[in-house]
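What follows is one structure encoded as structure tokens, with my remarks underneath.
Bear in mind these aren't lab numbers, they're just calculated from the coordinates by the rules spelled out. All values reported here derive from a predicted model rather than from experimental measurement. Glycine gets a Cβ as well: all are built from the backbone with ideal geometry, and neighbour counts include every protein chain shown.
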Amino acid sequence: MMDGQATMTEGNPPSAAPDGAEADALLRATVRVPKHVVYRDFMNETVVLNLESGKYHGLNPTAGRMLQVLEKGVSLREAAALLATEYGVANEELEQDISALCRDLESRGLVELVLDGTG
Amino acid sequence: MARAEALVRAALPTPPVAPRGFAFGLELRAAEDREWAGAATRANGGTRSVTMLVEDPGAFRARWRGTGSRALAVRGGRPGRPMLRIEQEDSGDYRVWAPGHGRHVIANDGTLIRSSVPRPPDDRWFRLFLAQPLPLAAALHGLELFHASAVQVGEAVLGFVASSGTGKTSLAAQLVGRGATFVTDDVLALEVVDDVVVAHSGPRWLCLDEEEAHAMPPGGQGRLGPVIGKSDKLHFAPSTSAAPAPVTTVFFLYRDHDVASLEFREIDVLEPRRLFSSVFLSYLDEPRILVRTLDFCARFARLVRPIEVRVPPALGSGTLADEVLGFTARELA
């Protein structure tokens, strides 16, 4: 079991769930951490710092692990498959969580999503 | 008349700038000797230094007005009448100003502080100097600063993080009165050396309510050093530790109406939020400093033992000091 859903400590209202085609495109995307963003692992939290805004954001361990895997350049779908095995949960559940996290991070300027053909 | 005086002052020979001691990990170089500079030395050889220059007010003010800047922090006072204003000049240098407390410009690399002192000079400009420009110079040199008091017991430094008014200065004073060595009363300068968090003593400056000073244990007030000034509080110059020392434990103090007796609780996981809210000079937003602080906090959380202390509102600082010493001897030996 996962030790909790991926969350940020200052959550925005969740954005509307994308339709099927959009969700699929998102799962094929990769993630890039911009130069103005750095993150460090603490004992039970990952802190993401946006140097442009000077704001710190907290990720719980699950979300921190997702970001760590995604930064290796794998797609959201590949990251979800790897983490589903790691946490022993269904792929679909992980895909939903990781997609929501990436949309949230992108809305805060903490990651850039590289969709097929935009990289 | 004022211009003639300024010319005379400018023509007077300036005493040579010389090393005067250490505070916040910096060697202080100034024209005047002062009792507040401790005799501490730096841990790893080499010297980080800051030169203090008191300049002619007229020329200083003209330069101040002619230089572009952006506001970083404005504190207190009524709208349009700040009690403290901190800015960053277009050049990257910082400036600190408080009405009646003088103006200070701090070089972006922390090596020079130029000050304009109100006349007649009194302790107020110097209180501001110790509270903002000097810690700022330390931060620009790479030291990390927490809003905390600290004392040294044996080889180890104990830090006390608390919001203003919680009693961290009184606690430090009471501990010094019971034999601890003074480290700092409000700003704790830290760095990681060989995977150890070490503390550098602040200036020899401790401001204490007169009533609190009289409530010290027998002989305790004498351990605070000479009284070197007075405002609404007495200004003591306690001896400081001669060398940087490892910080083993940090106590996070909270006055808590919901507790009937003092509670110590080991913090299993030190949340980043608790650390970031303890950072002094949180207005600094240069990327190099933000990243450095993030790195430092991540290491601090792994290297230092954090203890939460819930203090009943009526508990006196003397009793709190006794309990802290008891806890330290019992639990941290």
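Show the residues, 5+ positions off or on another chain, whose built amide H is closer than 5 Å to the amide H of B:Glu27.
B:Arg48, B:Ser49, B:Val50
Ranked highest first by average number of other Cβ atoms within 10 Å, how do B:124-134, B:268-278, B:143-153 line up?
B:143-153, B:124-134, B:268-278
With a 10 Å cut-off between alpha carbons and a GNM built on chain B, which of B:Asp122, B:Asp93, B:Asp194 moves the most?
B:Asp194
Output the Cα-based Rg and Dmax of the protein assembly as shown in Å, rounding Rg to one decimal and Dmax to a whole number.
Cα-based Rg and Dmax for the protein assembly as shown come out at 25.6, 85 Å.
What's the average, rounded to a whole number, of partner chain beta-carbon atoms within 10 Å of each residue's beta-carbon in A:35-43? Let's see the in-between values first.
Working: counts 1, 1, 0, 5, 2, 9, 3, 13, 8.
Partner Cβ neighbours, averaged per residue: 5.
Take the Cα atoms of segment A:28-113, find their three principal axes, and give me the spread along each one in whole Å, biggest first.
Rounded to whole Å, the extents work out to 37, 28, 19 Å.
Under a crude label model (7 Å from the Cα following the beta-carbon direction), how far is A:Val89 from A:Ala25 in nanometres?
2.6 nm
Go through B:290-301, B:223-234 and give me the packing order, highest mean Cβ count within 10 Å leading.
Working: B:290-301: 19.2, B:223-234: 15.5.
So the peptides B:290-301, B:223-234, ranked by packing, come out B:290-301, B:223-234.
Mean residue ellipticity at 222 nm from the helices of the protein assembly as shown, using -39,500 (n - 2.57) per DSSP H segment of n ≥ 4 over the full residue count, to the nearest 500 deg cm²/dmol? All intermediate terms of the calculation are to be shown ahead of the outcome.
Details: 13 runs with 136 residues, N = 452.
Taken over the protein assembly as shown, the calculation gives -9000 deg cm²/dmol.
What residues from segment B:308-325 fall in the zone where the backbone N is under 15 Å from a label point 7 Å along the Cα-to-C-beta line of B:Asp258?
Of the residues in segment B:308-325, B:309-313 have backbone N under 15 Å from the label point off B:Asp258.
In whole Hz and in residue order, list the ³J(HN,Hα) couplings for segment B:291-300 that follow from phi through the Karplus curve 6.51 cos²θ - 1.76 cosθ + 1.60, θ = phi - 60°; x for Gly and Pro.
5, 4, 5, 4, 4, 4, 4, 4, 6, 4
Got a sec? How would B:Glu308, B:Glu331 order by Cβ neighbour count within 10 Å, fewest to most? Kindly include the intermediate steps, with their values, before the conclusion.
Working: B:Glu308 16, B:Glu331 12.
The fewest-first ordering by Cβ neighbours comes to B:Glu331, B:Glu308.
If the convex hull of the alpha-carbon atoms of chain B is projected onto planes in all directions, what is the mean projected area in square nanometres? All intermediate terms of the calculation are to be shown ahead of the outcome.
Numbers: hull surface 73.0 nm².
Result: a mean projected hull area of 18.3 nm².
Could you tell me how many cubic angstrom of Cα convex hull volume segment B:190-304 has per residue?
Details: hull volume 20.9 nm³, N = 115.
Convex hull of Cα atoms, per residue: 182 Å³.
Which lysines does B:Lys230 reach when only Cα atoms under 27 Å apart count, and residues fewer than 8 places away in its own chain are ignored?
Partners found: B:Lys168.
Where is the GNM fluctuation largest for chain B (alpha-carbon springs, 10 angstrom cutoff): B:Val187, B:Val279, B:Val259?
Per the Cα network of chain B with a 10 Å cutoff, B:Val259 tops the list.
Beta carbons within 10 angstrom, averaged per residue: use that to sort the peptides A:21-33, A:81-93, B:169-181, highest first. Write down the numbers at each step before the final one.
Details: A:21-33: 16.4, A:81-93: 14.0, B:169-181: 24.2.
For the peptides A:21-33, A:81-93, B:169-181, the packing ranking is B:169-181, A:21-33, A:81-93.
For A:Lys72, which aspartates and glutamates qualify as cross-link partners when the Cα separation must be under 15 Å and same-chain residues fewer than eight apart are set aside?
Reachable aspartates and glutamates: A:Glu112.
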